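S.K.: Got a structure here, written out as structure tokens. Questions coming.
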Amino acid sequence: MSIESKTLQPEELQAVVIRFVGDSGDGMQLTGTQFSDTSAMFGNDIATFPNYPSEIRAPQGSLYGVSGFQVHIGSVEVSTPGDSVDLLVAMNPAALKTNLYALKPGHTIIVDKDSFNKKNLEKAFYTTNPLEDGSLEGYRVIEVDMSTLTKEALKDVAGLDNKAITRSKNMFALGMVYWMYNRSTDHTVDFFNKKFKNKPELVEANTKVLNAGFYFAETLELIPNSFTVSPAKMKPGTYRIIMGNTATAWGLLAASEKSGLELFLGSYPITPATDILHELVKHKHFGVKAFQAEDEIAGITSAIGAAFAGDLAITTTSGPGLALKGEALGLAMMIELPLVVINVQRGGPSTGLPTKTEQSDLLQAMYGRNGESPVIVIAAGTPADCFNFAYEAARLALEHMTPVVLLTDGYIANGSAPWKIKSVAEMPEIKNRKVTKAVENWHPYNRDPKTLARDWAVPGTPGLEHRVGGLEKDSVTGDVNYVPENHQVMTNTRAEKIKRVQDNIPDLKVEYAQEGDLLVVGWGGTYGTLHSAVKEITEEGYKNIGFAHFNYINPMPKNTEEVFKKFKKIIVCELNSGQFAFILRANFGKFDFQQINKVQGLPFSNDELIQKFKQLL
Amino acid sequence: MEATAVKKYTYKDFVSDQEVRWCPGCDDYVILNSMQKALPEMGVEKENVVFVSGIGCSSRFPYYMNTYGVHSIHGRAPGIASGVKLANPNLSVWIITGDGDAMAIGGNHFIHVLRRNIDLNIVLFNNEIYGLTKGQFSPTSLVGQKTKSSPYGNTQPPFSPGELALGANARFYARIGGNNPKAMTQIFIEAHRFKGTSLIEVLQNCVIFNDGCFTDVTDKEVKDDRQIYLEHGKPMIFGKNSEKGLVLKGLKLEVVIIGENGITEKDLLVHDAKEKDPTLHQMLVRLEYPIATGIIRAFDDVTLEEREDELTKKIKANSKYKKTDDLFFSGETYEVK
Ligand SMILES: Cc1ncc(C[n+]2csc(CCOP(=O)(O)OP(=O)(O)O)c2C)c(N)n1
Ligand code: SF4
Ligand SMILES: [Mg+2]
């Protein structure tokens, strides 16, 4: 059974940000995912971001055990999970305390009043009950005896223990929010039917509680009106909601199928990159060979071995792991093998802020190796974009016989958004440099004259037996060679090879003003926040601000300088102290690059960006 | 690719065009020649052989073999070799490593590669010294050993490679003197045939920085008395005139003289390399007199790639996903018109 709301004439909103927060055990991730999936299927554009506690099993009711899920839905394009919140659903005092800061003044809080008991208030270090002491006066508070009402709704369902009953109160909250935003419960009821296929009592219980919440909201005078967010204008097609890390994994699967090469992953678990490993290990049916190694070094070296033997080889990690991989990455560069290295950046330095986001590994990716060892560096901009850039990393590695470092970050890796599903048939061709037959006078460092990519002869090919290694090699024969002039030639060749990748990547695009006063420059995972800030300020009437976002960092697109020339001022925005600005200055010294930087483990907020842009206009 | 194939190659087919650059008199030459002699006997196609090394004098080895090869980075050959083998299980993959390469910088990879039991072969050149960097002590150098980095004598107690390997669940372990090419060749062939990770420790003399480190066991004059060469299924006999043997007394191996105190050949232990329980293999590895050589352990076990292959076949057969499109368009999708 499912229901539709028909009562009031709902108020139309363009976009809404809702945050569901509760104890780790309260099922907030599920609640949030259900709401965002339902909204996406309704046609909204969405962006979501989870916020888990870093403790695996934090004590119940504690401040650090709070788990949250934020969703931004819109009838207009939505490119970030949103800064401040329109509706906060807080399942206990700790959740209220840790999240109230994000709620816009005057906006709504729904709380489970039952959970505001002495014990939980103490655990959240409240000396007085915020529901009674007037501290929430500036907000609209909807107090609901959710635990009691859930129990009441379930009194006739047989076969449920106490735990199952308390666990379903999140569905009461979800039911209420569905009513408030004029959403159908269909999708969630379908979900129960699938998830609890063999446990009909749980299907019944969860559906009952969901509906109870829905009806409760409808009849409750405390909620004077409901809202609606109309479908967004999106390109027609088949969509799904995808998380950045999943998109990365799937981009690799697509590249493997398109190139006809088997996928090999060598990896060692590390937050926030592990979900790529988790995803790829599932896909043995596609012949994926996922190897969990003893450390990051073995992760990359096993991938190098697989690349030598002819597979599409991948290694995935985060900052500290990339540091460990440095020496081996230099080897892969030296022996010129195709290898995709994915770094899902997190807050650094050292162990840093494992669950927070940052863009501070850019210089490590560019230069974090001994000797002169250029590699391709690219970065994905949004969760769904991770699919394209993982695919692109594989394409470039194979076509140019080089390691490619793909940078994503915790923000886009864990965030999710609608993805217009791409069939492998629509993806660009991937060539590779394999030589399958013995050739007279063949040398392993024979190169394509255009790209300088060397030949790829894999073990098992008769007549092409050869040795590669980390020692400098003769530019013609590939044999070990320490001659000074030869080293210079090889150093130049390796650099030139990466430079020529420019011929195989798209131009830098400018959004909004194509020329004018201010060019906003970003790279990687800040695309969403920068884009929405530029969009907003443009809509306010500033018509002279352009936005150029880099996905290709080494090499940069050919037209980069042309783009810079068209603006009076350039501001480089990044979640570090100015690493990309540093690279830009080194390459385009005649321009003046201003900076917006933030190193707090957090994404940019719309307001801070807009404020700074305005100062420059 | 097994030995039944016609013998296609000779020793020369495996000699590369690169000039060998080890010090004259180094045991590394013996190992190279033994390998080049063993390969034609294995019946494996030349293009299916891959040598992967780390860094060290020993690790120059792949350059001298006319096969596929990777001279990689210090200590990391096990990772690279594992990747090669998992990518293409038809290959015969060899890791070439030194005592420092395998047990200092590469110690972690060394124990894990043994634990996993991928069908790889490891040749460990143990010269109880860092050769390439000109003579520092290694994790197998003896206490008191004077080296460039221990001028007053080494104070760090060593690993025994065999003990370490068995502790890491090595399925195949052999030890052989660096001056015994005949036995070494045979052991290489056996290692190739063995399904699983094989470790061959060569007691390798470094004429420059640790000359004579094994002469008290490997020297022609003393070797028959100081070494026992173990063969599966044969009684544990040694000595110039095969007059000595090993028995188990309590929890210790003991040397006995055949004919003395009524001891006959029948009383001696019979070597069982294939036994799963490594207790006796450990005792043989630890024995100081005589030093055990030959194939000490060769326990047949399932390999990692066999397990992976079985799983993959089963999953492929039962999966509804044949192409990535099947996955991408499955589950929770929705249409935007
Ligand atoms: C990362 C790194 N650290 C140190 C070295 C220097 N190095 C090269 S070989 C070696 C020791 C080699 O000893 P061993 O493995 O016993 O090989 P041998 O030369 O004795 O055959 C060292 C310390 C290096 N090449 N790379
Ligand atoms: S230094 Fe020692 S190990 Fe190295 S080549 Fe010379 S003799 Fe052999
Ligand atoms: Mg050594």
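S.K.: Only one residue in B:I291, B:I208, B:I237, B:I263 is at pLDDT 95 or above and within 20 Å of the chain's Cα centre (by Cα). Which one?
M.R.: None of the others qualify; the one that does is B:I291.
S.K.: Which condition from (1) touching a residue at least 40 places away in the same chain (Cβ under 8 Å); (2) on the phi > 0 side of the Ramachandran plot; (3) away from ligand 3 (no atom under 16 Å from the Cβ); (4) open to solvent by 10 Å² or more (accessible area, probe 1.4 Å) is the one that B:N48 breaks?
M.R.: Unmet for B:N48, out of (1) touching a residue at least 40 places away in the same chain (Cβ under 8 Å); (2) on the phi > 0 side of the Ramachandran plot; (3) away from ligand 3 (no atom under 16 Å from the Cβ); (4) open to solvent by 10 Å² or more (accessible area, probe 1.4 Å): (2).
S.K.: Which condition from (1) more than 18 Å from the chain's Cα centre (by Cα); (2) surrounded by 12 or more Cβ atoms within 10 Å (Cβ to Cβ) is the one that B:H281 breaks?
M.R.: Just one mismatch for B:H281, condition (1).
S.K.: Additional query: For the condition buried (at least 17 other Cβ atoms within 10 Å of the Cβ) and in contact (Cβ under 8 Å) with a residue 24 or more places away in the chain, what is the one hit in B:N205, B:N169?
M.R.: B:N205
S.K.: Residues A:T301, A:T248, A:T316, A:T271: which one is among the polar types (S, T, N, Q) and surrounded by fewer than 21 Cβ atoms within 10 Å (Cβ to Cβ)?
M.R.: Every option except A:T271 fails the conditions.
S.K.: Might you let me know whether segment B:188-205 holds any residue that is in contact with a His (Cβ under 9 Å, 6 or more places away or on another chain) and more than 16 Å from ligand 1 (Cβ to nearest atom)?
M.R.: The answer is yes; a qualifying residue exists.
S.K.: Let me confirm something: among B:G79, B:G83, which residue is closer than 23 Å to A:E262 by Cα, free of Cβ contacts under 8 Å to residues at least 24 places away in the same chain and either more than 16 Å from ligand 2 (Cβ to nearest atom) or within 11 Å of chain A (Cβ to nearest Cβ) (or both)?
M.R.: B:G83
S.K.: Looking only at residues that are polar (S, T, N, Q) and within 11 Å of ligand 1 (Cβ to nearest atom) in segment B:115-127, which one is surrounded by the most Cβ atoms within 10 Å (Cβ to Cβ)?
M.R.: Residue satisfying both the conditions and the ranking: B:N127.
Okay, residues lined up against (1) within 16 Å of ligand 2 (Cβ to nearest atom); (2) open to solvent by less than 10 Å² (accessible area, probe 1.4 Å); (3) basic (K, R); (4) free of Cβ contacts under 8 Å to residues at least 40 places away in the same chain:
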residue: B:N108; (1), (2), (3), (4): no, no, no, yes
residue: B:V113; (1), (2), (3), (4): no, yes, no, no
residue: B:I129; (1), (2), (3), (4): yes, yes, no, no
residue: B:Y152; (1), (2), (3), (4): no, no, no, yes
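S.K.: Give, as residue ranges, the helices (runs of 4 or more DSSP H) completely inside segment A:509-592 that count at least 2 residues that are over 28 Å from A:G348 (Cα atoms), open to solvent by 10 Å² or more (accessible area, probe 1.4 Å) and modelled with pLDDT of 95 or more.
M.R.: Answer list for segment A:509-592: A:527-539, A:560-565.
S.K.: Look through segment B:132-143, keep the residues that are more than 14 Å from every other protein chain (Cβ to nearest Cβ), in a loop (DSSP other than H, G, I, E, B) and open to solvent by 10 Å² or more (accessible area, probe 1.4 Å), and return whichever of them is nearest to ligand 1 (Cβ to nearest atom).
M.R.: B:T133
S.K.: Within the group A:G546, A:G601, A:G589, A:G578, which residue is free of Cβ contacts under 8 Å to residues at least 40 places away in the same chain and on the phi > 0 side of the Ramachandran plot?
M.R.: Among A:G546, A:G601, A:G589, A:G578, only A:G578 is free of Cβ contacts under 8 Å to residues at least 40 places away in the same chain and on the phi > 0 side of the Ramachandran plot.
S.K.: Suppose we filter B:G212, B:G153 for residues that are assigned to a loop (DSSP other than H, G, I, E, B), closer than 19 Å to B:I31 by Cβ and more than 14 Å from ligand 1 (Cβ to nearest atom); which single one remains?
M.R.: It is B:G212.
S.K.: Still on this structure: Residues that are more than 14 Å from chain B (Cβ to nearest Cβ) and among the aliphatic types (A, V, I, L, M): which strands (runs of 3 or more DSSP E) entirely in segment A:291-404 hold 2 or more of them?
M.R.: Strands (runs of 3 or more DSSP E) meeting the threshold: A:339-345, A:376-379.
S.K.: Still on this structure, I have one more. Given the structure, is A:S79 polar (S, T, N, Q), in a strand (DSSP E or B) and at pLDDT below 95?
M.R.: no
S.K.: Sticking with this structure for a sec: Name every residue in segment B:59-70 that is open to solvent by less than 10 Å² (accessible area, probe 1.4 Å) and closer than 28 Å to A:D295 by Cβ, in order of residue number.
M.R.: B:S59, B:F61, B:P62, B:Y68, B:G69, B:V70
S.K.: Name the residues in segment B:172-195 that are in a loop (DSSP other than H, G, I, E, B) and crowded, with 24+ Cβ neighbours inside 10 Å, would you?
M.R.: If the condition is that a residue be in a loop (DSSP other than H, G, I, E, B) and crowded, with 24+ Cβ neighbours inside 10 Å, then B:G178 is the only one that fits.
S.K.: Just to be sure I understand, how many residues within segment A:472-483 are facing chain B (nearest Cβ under 7 Å) and within 41 Å of the chain's Cα centre (by Cα)?
M.R.: 0
S.K.: Follow-up question, since we're still on this one. Out of curiosity, is A:N99 farther than 14 Å from A:E143 by Cα and in contact with a Pro (Cβ under 8 Å, 6 or more places away or on another chain)?
M.R.: No: the conditions fail for A:N99.
S.K.: Of everything in segment B:57-75, what is within 7 Å of chain A (Cβ to nearest Cβ) and over 21 Å from B:G100 (Cα atoms)? Give them in sequence order.
M.R.: Within segment B:57-75, B:N66, B:T67, B:Y68 qualify.
S.K.: Checking the conditions here, which among B:K244, B:K266 is more than 14 Å from every other protein chain (Cβ to nearest Cβ), of a type in the set (K, R) and touching a Phe, Trp or Tyr at 6+ places or on another chain (Cβ under 6 Å)?
M.R.: Among B:K244, B:K266, only B:K244 is more than 14 Å from every other protein chain (Cβ to nearest Cβ), of a type in the set (K, R) and touching a Phe, Trp or Tyr at 6+ places or on another chain (Cβ under 6 Å).
S.K.: Got a number for residues in segment A:182-234 being of a type in the set (S, T, Y) and open to solvent by 10 Å² or more (accessible area, probe 1.4 Å)?
M.R.: Final tally of qualifying residues: 6.
S.K.: Tell me, which residue of segment B:16-29 that is touching a residue at least 40 places away in the same chain (Cβ under 8 Å) and crowded, with 19+ Cβ neighbours inside 10 Å is nearest to ligand 1 (Cβ to nearest atom)?
M.R.: It comes out as B:D28.
S.K.: Name the pairs whose Cβ atoms lie under 7 Å apart, with the first residue in segment A:326-340 and farther than 15 Å from A:L398 by Cβ and without any contact (Cβ under 8 Å) to a residue 60 or more places away in the chain, the second away from ligand 2 (no atom under 16 Å from the Cβ) and part of a loop (DSSP other than H, G, I, E, B), and 6 or more positions between them or separate chains?
M.R.: Listed pairs, sorted by first residue: A:G326/A:G368; A:G326/A:R369; A:E327/B:I73; A:A328/B:I73; A:A328/B:R76.
S.K.: Quick test for you: out of A:T491, A:T451, pick the one residue that is surrounded by fewer than 20 Cβ atoms within 10 Å (Cβ to Cβ), in a helix (DSSP H, G or I) and away from every other protein chain (no Cβ under 14 Å).
M.R.: On inspection, the qualifying residue turns out to be A:T491.
S.K.: Would you confirm whether any residue within segment B:87-103 is more than 16 Å from ligand 3 (Cβ to nearest atom), part of a helix (DSSP H, G or I) and over 19 Å from the mean Cα position of the chain (by Cα)?
M.R.: Yes - at least one qualifying residue is present in segment B:87-103.
The values are calculated or read from the model by the stated rules, or taken from the named source; none is laboratory data. All of these numbers come straight from a predicted model, not from anything done at the bench. So basically every Cβ, Gly included, is an ideal-geometry build from the backbone, and we count neighbours across all protein chains shown. Surface accessibility is based on the protein's heavy atoms, side chains included, excluding ligands, DNA and RNA. Shrake-Rupley method; radii C 1.70, N 1.55, O 1.52, S 1.80 Å.
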